[in-house]
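Reading through the structure tokens given below for one structure.
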Amino acid sequence: AAGKLPMLNDVVTSFLSLVSLLYSILVGQVFGFLYSQQEALYLALFDEVTEAKSLLEQVALVSQGRTMYSTCLNSIARYVREDLLGGTMTMAPPTPSRSTTQRSNHEKKQSPSVTPSLLLSARPADDPLEAILYLTSVGIPGHVYDTVRSLRQARARRLGALQRKVPAIHLIMLWILGGIMMVSFPMLVGVGDAIAGGGGGGGAATMTVVAGDMLRKGRRMWSLQGILFGVATFALVMTKCVLGELWRTKGGAYNVDSVLKVMVRGLEVELEQRMVDAKQMLKRSKEG
């Protein structure tokens, strides 16, 4: 029996090394994939907001002073509110209302944002950018058409980065693999202690002294091994929590809500000012 203990120790060590290697490879690949997806989302958002600002400037140059100017501005505002913000943030922004009472009710009843696939599956007639193309493109498409096309391409990259690609079963399997690895650690420690205390011979008195010495050393070793096991378990759980937060495309610690609000703040202010100016110009034209 004593000769089988070293063999069992080698088997448990090899098993733990194999499981740890598989776990580290899979976790590293999943982390790299999810982090690159998060990076692609940020790059797509910067491109999309830049193209949206370019579209606003071109629409102002093409249609300012015309009756369609207010309609184009409303279409851009709807795109920013329902598509850019509503399709990216954790909670969709409330629909603006005229009265303060209605606005407060809307803010209380914020709904979850729309999924990327549902946004892309909408009909072209429901796309606010389609209304801008219809109003500004006469004959050969001009610069507005090129900007709208670039804006749609940036939106496609954003929606593609938001789409969840790693299934939930993948993370569950990583949890199972990590649990197997942590369960193997006490087994390895127990086999090692059995090997350390299995050798030796002598009389009963000698065996009693050796047993007492091994018991005192074992208590100290088990306390140290327990601390190491706790630290390893904590590190494993924290690693899985980081993967879980990266896996959540909306919400969580890695959400882009605060960054996106800062990015579109200037665009929203510019839209509001231009919409007020467009209403005043339309009112003066009717009075004149």
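Just checking, which of ARG123, ARG152 is surrounded by fewer than 17 Cβ atoms within 10 Å (Cβ to Cβ), among the charged types (D, E, K, R) and modelled with pLDDT under 80?
Details: ARG152 fails: modelled with pLDDT under 80.
One residue alone meets the criteria, ARG123.
Could you tell me whether segment 55-63 includes any residue that is open to solvent by less than 90 Å² (accessible area, probe 1.4 Å), within 26 Å of SER258 (Cβ to Cβ) and either of a type outside the set (D, E, K, R) or at pLDDT below 80 (or both)?
Let us first name the residues in segment 55-63 that are open to solvent by less than 90 Å² (accessible area, probe 1.4 Å), namely 55-56, 58-60, 62-63.
Filter once more, so that each one left must be within 26 Å of SER258 (Cβ to Cβ): 55-56.
Imposing the further condition that a residue be either of a type outside the set (D, E, K, R) or at pLDDT below 80 (or both) reduces the set to 55-56.
Yes - at least one qualifying residue is present in segment 55-63.
Say whether the condition of being surrounded by 13 or more Cβ atoms within 10 Å (Cβ to Cβ), among the basic types (Lys, Arg) and at pLDDT 85 or above is met by at least one residue in segment 220-243.
Scanning segment 220-243 turns up at least one residue that is surrounded by 13 or more Cβ atoms within 10 Å (Cβ to Cβ), among the basic types (Lys, Arg) and at pLDDT 85 or above.
Among THR71, THR101, THR95, THR88, which is the only one that is open to solvent by less than 60 Å² (accessible area, probe 1.4 Å) and modelled with pLDDT under 90?
One residue alone meets the criteria, THR88.
If a residue has to be surrounded by 17 or more Cβ atoms within 10 Å (Cβ to Cβ) and free of Cβ contacts under 8 Å to residues at least 40 places away in the same chain to count, how many in segment 38-54 make the cut?
0
Only one of (1) in contact (Cβ under 8 Å) with a residue 40 or more places away in the chain; (2) open to solvent by less than 80 Å² (accessible area, probe 1.4 Å); (3) part of a helix (DSSP H, G or I) is not met by ASN255, so which one is it?
Tallying (1) in contact (Cβ under 8 Å) with a residue 40 or more places away in the chain; (2) open to solvent by less than 80 Å² (accessible area, probe 1.4 Å); (3) part of a helix (DSSP H, G or I), ASN255 fails exactly one: (3).
Only one of (1) among the small types (Gly, Ala, Ser); (2) over 20 Å from the mean Cα position of the chain (by Cα); (3) not in a helix (DSSP H, G or I) is not met by GLY266, so which one is it?
(3)
Out of all the residues in segment 157-176, which are within 30 Å of PRO124 (Cβ to Cβ), open to solvent by less than 50 Å² (accessible area, probe 1.4 Å) and either in a loop (DSSP other than H, G, I, E, B) or among the small types (Gly, Ala, Ser) (or both)? So that I can check it myself, show each step before the final result.
Within segment 157-176, the subset within 30 Å of PRO124 (Cβ to Cβ) is 157-165.
Remaining after also requiring open to solvent by less than 50 Å² (accessible area, probe 1.4 Å): 158-162.
Result: GLY160, ALA161.
The values are calculated or read from the model by the stated rules, or taken from the named source; none is laboratory data. Remember, predicted model here, so these are calculated numbers, not experimental data. Positions of Cβ are backbone-derived with ideal geometry, glycine not excepted, and every protein chain shown enters the neighbour counts. To get the accessible areas, we keep the full protein, side chains included, count just its heavy atoms, and leave off ligands, DNA and RNA. Shrake-Rupley method; radii C 1.70, N 1.55, O 1.52, S 1.80 Å.
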